[in-house]
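The structure's right below; bear with me while I get my questions together.
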Amino acid sequence: ASVDLSIRGNGGGERRLLLSGDVGRFDAVLTKDPELAQDADYLVVESTYGNRTHAPVGVLDQLQGVLTRTFARGGVLLIPAFAVGRAQQMIYLMDQLVSEGRMRPFPVHLDSPMAIDATRIYASFPNGHRVSLNGIGGRSLLYGKWVHLHRTRAESEALNSLKGPAVIISSSGMLAGGRILHHCRIRLPKPENTLLITGYQAAGPLGRALLDGARVVRIHKGEVPVLAEVRDLKGLSGHADAGELLRWLSGMTKPPRRVFVTHGEEDAALALAARIKAERGFTTHVPGHDETAELE
C-alpha cells in the first residue's frame, strides 16, 4: 500500500506527499497490479531493486522440474515460505500443475498456523486477486482435496514420518525461526529430499547459508549435514524491479518538486535516482542517514 498525504502548512498552503511503500510486481502470480502513482508535490519512493531487472523465467516449468526430480527419488519437497502471500502462491502454482495435467495429484501439507489463517482470508475473497480462486463447487483452489492443514504442534511433529512423494510448506521464509527449522533438521540429511527456496534470503539467516552451498549447518544447537538437494525458485519476488518502478511512476502527469529515493542499498538507490532523472526528468535525491528536508 502507498500513503497519499495532504499537508497543510503554517501559512495555510497545502502540499501533497506520496510515499510509495513497497511497490508490488506487475503480472504477479496472485496479486493484482499496483495502482499507478498519482500526482504529488513530493514523492518518497522505495528502491529495493532499483538497479536490477527480474529475469523473465517460467515459474511453473521450474517448479515442475523440482517436483519431478524429488518425487522420482521418493523424496519430500520442503518449501520455506512467507506465511502471508508466498505460501498461498505456492499452493496455487501446484494446483495449476495438476489441473493442467502436467502432474498427477500429490499431497501438500501446510504447516504454519499463521499461513493457515492467511489462507482462510485469501479463500474468503476469491475474486480479490489477479485470478479467481474459486474451484469446483465453490470450494477455494487453496483448499483442494490434496491440501492438508497442520495447526497444532502434534500435527506438525507427525510430519516427521511422512514419506514422499509429498510437499511440506512451512515458515519462516528466510529460515530465521519457526517450524521450518524443525523440518530442515529432519529432512536435510536425506539425499532424496529437496529444499526449495522461494524468496529473497538476507545475509545471516540459515536460508542464505544454504543457498551459498553450506554442506553442514547448525540448527537447534546441533550440526546438521546437508545431503538434500537445495534449489532456488526464481521469478517470485514481491518487489518491483527498476523497470516496474518506472512503470509505477508513469501515472504521474507532472513532475514532483522533488523525489526522495529511499529503502534500498546505496547502489540501488543511486541507480534508480539517476534513471528517474534521465527518463522522467524529475529532480531526485538520495537522502543520507538521519537527514531531514523541508517541504516548501
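Looking at region 165-195, which of its residues are open to solvent by less than 10 Å² (accessible area, probe 1.4 Å) and among the polar types (S, T, N, Q)? Lay out the reasoning, then the answer.
First, pick out the residues of region 165-195 that are open to solvent by less than 10 Å² (accessible area, probe 1.4 Å): 166-170, 173, 175, 180, 183-184, 188, 193-195.
Within region 165-195, Ser170, Asn193, Thr194 meet the criteria.
Quickly run through region 241-296 and pick out the residues that are in contact with a helix residue (DSSP H, G or I) (Cβ under 9 Å, 6 or more places away or on another chain), buried (at least 16 other Cβ atoms within 10 Å of the Cβ) and in a loop (DSSP other than H, G, I, E, B).
Those that are in contact with a helix residue (DSSP H, G or I) (Cβ under 9 Å, 6 or more places away or on another chain), buried (at least 16 other Cβ atoms within 10 Å of the Cβ) and in a loop (DSSP other than H, G, I, E, B): Met252, His263, Gly264, Phe282, Val286.
Return the residue satisfying two criteria in turn: it lies in region 8-58 and is farther than 21 Å from Pro287 by Cα and in a strand (DSSP E or B), and of such residues it is modelled with the highest pLDDT.
Out of the qualifying residues, it is Glu14.
From the residues in region 179-198 that are in contact with a helix residue (DSSP H, G or I) (Cβ under 9 Å, 6 or more places away or on another chain) and assigned to a loop (DSSP other than H, G, I, E, B), which one is modelled with the lowest pLDDT?
Per the stated criteria, the residue is Thr198.
Follow-up question, since we're still on this one. Tell me, which residue of region 1-26 that is among the β-branched types (Val, Ile, Thr) and in contact (Cβ under 8 Å) with a residue 60 or more places away in the chain is nearest to Gly243 (Cα to Cα)?
Step one: filter region 1-26 for residues among the β-branched types (Val, Ile, Thr), giving 3, 7, 23.
Next cut, in contact (Cβ under 8 Å) with a residue 60 or more places away in the chain only: 7, 23.
Details: Ile7: 30, Val23: 12 Å.
Restricting to residues being among the β-branched types (Val, Ile, Thr) and in contact (Cβ under 8 Å) with a residue 60 or more places away in the chain, the top hit is Val23.
Now for a different question. Quick one: which of Val230, Val216 is farther than 30 Å from Ile276 by Cβ and surrounded by 14 or more Cβ atoms within 10 Å (Cβ to Cβ)?
On inspection, the qualifying residue turns out to be Val230.
Condition check ((1) open to solvent by less than 40 Å² (accessible area, probe 1.4 Å); (2) in a helix (DSSP H, G or I); (3) of a type in the set (Lys, Arg); (4) out of contact with any Cys (no Cβ under 6 Å at 6 or more places or on another chain)) across all residues:
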site	(1), (2), (3), (4)
Leu78	yes, no, no, yes
Arg120	no, yes, yes, yes
Asn127	no, no, no, yes
Lys145	no, no, yes, yes
His148	no, no, no, yes
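The values are calculated or read from the model by the stated rules, or taken from the named source; none is laboratory data. Because the structure is a prediction, the values reported are computed rather than measured. Cβ: placed from backbone, ideal geometry, glycine included. Neighbour counts: every protein chain shown. With ligands, DNA and RNA removed, areas are computed over all heavy atoms of the protein, side chains included. Shrake-Rupley method; radii C 1.70, N 1.55, O 1.52, S 1.80 Å.
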